[in-house]
Each structure stands twice: as structure tokens, then as C-alpha cells.
1. Quick check: anything in region 108-128 assigned to a loop (DSSP other than H, G, I, E, B) and under 20 Å from residue 62 (Cα atoms)?
2. Of everything in region 194-218 that's assigned to a strand (DSSP E or B) and touching a Pro at 6+ places or on another chain (Cβ under 8 Å), which residue is nearest to residue 65 (Cα to Cα)?
3. What number of residues within region 158-188 satisfy the criterion of being in a strand (DSSP E or B) and open to solvent by less than 50 Å² (accessible area, probe 1.4 Å)?
4. Somewhere in region 131-142, is a residue of a type in the set (D, E, K, R) and modelled with pLDDT under 95?
5. Which residues, counting only those in region 117-139, are surrounded by 19 or more Cβ atoms within 10 Å (Cβ to Cβ) and hydrophobic (A, V, I, L, M, F, W, C)?
6. If a residue has to be open to solvent by less than 20 Å² (accessible area, probe 1.4 Å) and closer than 15 Å to residue 146 by Cβ to count, how many in region 208-220 make the cut?
7. Does residue 135 satisfy the criteria of being part of a strand (DSSP E or B) and closer than 15 Å to residue 218 by Cβ?
8. Report, by residue number, each residue of region 189-207 that is of a type outside the set (Val, Ile, Thr), over 14 Å from residue 138 (Cβ atoms) and either in contact with a Ser or Thr (Cβ under 8 Å, 6 or more places away or on another chain) or surrounded by fewer than 19 Cβ atoms within 10 Å (Cβ to Cβ) (or both).
Amino acid sequence: MGTEIILVNDGPDAPFGGISLEDISDWESTGQVMKFVVKAASNGDTTTPPDQLVLPPLPVLPATDVTRQVSLNEEESHSVRVSEDASGNIVLDCATGEVFGPTSALLGTLNPDGTGNPLTWSDLITENPALGATEEWEIHNFTEDAHPIHVHLVKFQVLGRGVDGTQAPEAWETGFKDTVIAYPGEITRIKANYDMAGYYVWHCHIVEHEDNEMMRPFHIGPIPPDGPAG
């Protein structure tokens, strides 16, 4: 008894910035996630050892009714352009320079030609599952970043990922999830049953992204003609 177990994060402080010895988080501050202190039970140990736990079987999702193609997109800057001077310095060059990075990330749908169709929060709802329907969403990531995509209300299964969506899920993606990492240049496939009518949202779980338009509403069941209350 008295053992202390500290859960640490040895990934980088920046989200999905890659892992190297220079990038890992500080184990004395941001790298510390949670500490467990093991103490003696006051009335004896009544817990069940992990190897003796009997868990309920995972429910089986019904067959897919609809396959939906959605997209993760980046809006490039229309005003800030840069070029490189003779000394190799990056300088402002709005006349002939190259676009200097994206201005925001947006969710959307997929165009018929396979490109992303960025949409904002106020655009018409494009994801409208029928009540009780089981849908497969193909998440096409056209950005240069990985995004943790969270779908409200439902728990879903990860079916596949990769450039064509057929690569097997990661070993830790078995079972049901409510958030999945969509890697850049890949298609991430998820499957869920939509069994509660109403308005919900799906979004990137990086705070700066979800606060900057990377969030979209969806509705389960017929959409009321007057839109959401309030």
C-alpha cells in the first residue's frame, strides 16, 4: 500500500505535431495527467481482480442504411502572401507571393469530383439521418493536420482508415468510441445508429478549431420547418 502511480503524457504539447525528443511535453508540468494513490480498503478489499471481470458483450450495430461522405477542409488566406528575398528571409509579398498558410479549418461535404466542399455553421444542414437509421460516415481529411472528430449523441465503431479508407482501425480503436482521430490525406470510416431525434453537432475537438468554424449541426429525424428553437 502507499504506492503512487502517475499517468503521464509523453506526446508533444502541440496537438498532433509529431513526436521527437525535442517535442515531448514537460513531465514536471504539462506531461502530468493524473496520479493514483493506492490505499488500504477501510472494510477490506471487495473489488474484483481485473482478470476475473466478466464484461457484457458489445452490441452489434444493424446493417448500414446510408453511407455519407463528409470532409475536413482548410481555407487559405486571401490577403496574406509571402515570398523569399535574396537572403532567404520570408517577406510580405501580397502581389506575387505564395499564400501564407490557412486562415481556418471547416467541416463540409464531398463534391462529385472528390474535392472538399467547405461549409460554415450557418449553412443548411447536410447531415440528416432518419430516426433509427444506421449510417456510415466517410470522413475525408483534406487538411495538413490530424483532427479528433467528435460526433454528439452517438457512440460509433471505427471501420477503417487510410488513403482509401480500407486500412484496419488501430488496435486501440476496437469497441465503441465518441471521438476518432482523422489523419491528414486519409479517409476515416465510422458507423453509428442514430436513435434519438433532435439537433446535435459534430466537430473537431481541438478547442481553437471548434471555436473557429470547425463545427457543424446535424439533425436526426425530420427537420422542423422553423429550425431549432432559440
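The values are calculated or read from the model by the stated rules, or taken from the named source; none is laboratory data. It should be emphasised that the depicted structure is a prediction, and the values quoted were computed from it without experimental measurement. Cβ coordinates were reconstructed from backbone atoms using ideal geometry, including for glycine residues, and neighbour counts include every protein chain displayed. For the accessible areas, the whole protein counts, side chains as well, though only heavy atoms, and no ligand, DNA or RNA atoms are used. Shrake-Rupley method; radii C 1.70, N 1.55, O 1.52, S 1.80 Å.
1. The answer is yes; a qualifying residue exists.
2. So the residue we want is 194.
3. Summing the residues that are in a strand (DSSP E or B) and open to solvent by less than 50 Å² (accessible area, probe 1.4 Å) in region 158-188 gives 9.
4. no
5. The answer is 119, 137, 139.
6. Residues in region 208-220 being open to solvent by less than 20 Å² (accessible area, probe 1.4 Å) and closer than 15 Å to residue 146 by Cβ: 1 in total.
7. So residue 135 fits the description; yes.
8. Selection gives 193, 194, 195, 196, 197, 198, 199, 200, 205.
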